[in-house]
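Written out below as structure tokens is the structure these notes cover.
Read-outs: derived from the displayed coordinates by stated rules, not from any lab. Quick caveat, the model's predicted, so the values are computed rather than measured. Neighbour counts are summed over all protein chains in view; Cβ atoms, including those assigned to glycine, are modelled from backbone coordinates with ideal geometry.
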Amino acid sequence: MKGKLKREIITTADGSTTIHFPELNEHYHSKHGAINEAKHVFIKNGFHHILNSKAYKRLSILEIGFGTGLNALITFSEAEKIEQKVEYVGIEAYPVKKEEVGCLNYIEALSEVKHQPIFQLLHETPWEEPQIISSEFLLTKRKEYFTDIIDKNCFDLIYFDAFGARVQPELWTVPIFKKMYEALHDYGVLVTYSAKGSVRRAMQEVGFIVERLPGPPGKREMLRASKKVISEK
């Protein structure tokens, strides 16, 4: 769907850019601040939350909606600061075009000029092949529909950053969250910007324990889902 629609680069409320689909009035990131949303939802309540719960020799992350590469870039930066090894898998059915990547201002907005080559590398590396971005960050990009995911017990953390339920409700259903549940290791965590009641109920139906958390700018709440396993006695 995304590949057939008109796309434009817009500036969000925190000064960072995103891709906008005017026909749907939908964005890759929040119009209230692309970077603020990424840091709050995926880094604070996902990446740092799970690392505060236990130590990981290598943290495995699945991103549902690689998109602009913003979440991967900020995760790389945060992992570098604390010397945390990360295996990062980003799934995207409609990769962002090279000319669009060139219009995104994340390096400037984050004040991380040293990571410009990293941001380019995140987008230029081949699809379907693991790529060493640094000694601490291994990236695999998969051009794949979310409905085709078949991973089992592979990831510690999922960034669920799909298009919103208003425009793609089929991505926020029990069958999709069953795939997410199965893709996680025991005690793994999924975070998303959505707080819809139907989304929360779909997560709970497949076995997730779901928390409502304060949302990023422009949203009252977000969701964090945990795969808690009760051992048999």
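Observations
- Around the Cα centre of region 79-120, unit charges on the Cβ atoms of Lys, Arg, Asp and Glu (plus for the first two, minus for the last two) sum to a dipole of about 60 debye.
- Modelled spin-label separation between R58 and E129, with each label point placed 7 Å from Cα along the Cα-to-Cβ direction: 1.9 nm.
- Considering all C-alpha pairs of region 10-125, those separated by over 20 Å amount to 41%.
- Spin-label pair R201-E99: with each label point 7 Å from Cα along the Cα-Cβ axis, the two points sit 4.5 nm from one another.
- Principal axis dimensions, largest first and in whole angstrom, of region 78-233 by Cα: 48, 38, 30
- Residue-span extension gain [A13 to E182] - 0.36 nm each, minus C-alpha spacing: 57.2 nm
- Reachable aspartates and glutamates from K85, criterion Cα separation under 19 angstrom, eight or more residues apart if same chain: E63, E129, E136, D156
- Extension gain (nm, one decimal) between V229 and T147, 0.36 nm per residue minus Cα-Cα: 27.1 nm
- For Q131, the residues 5 or more places off, or on other chains, whose built amide H falls under 5 Å of its own are L139, T140.
- Reducing region 84-136 and region 194-233 to their Cα centroids gives an inter-centroid distance of 28 Å.
- Once both labels are positioned 7 Å from their Cα atoms along Cα-to-Cβ, the gap between Q120 and E108 label points is 1.7 nm.
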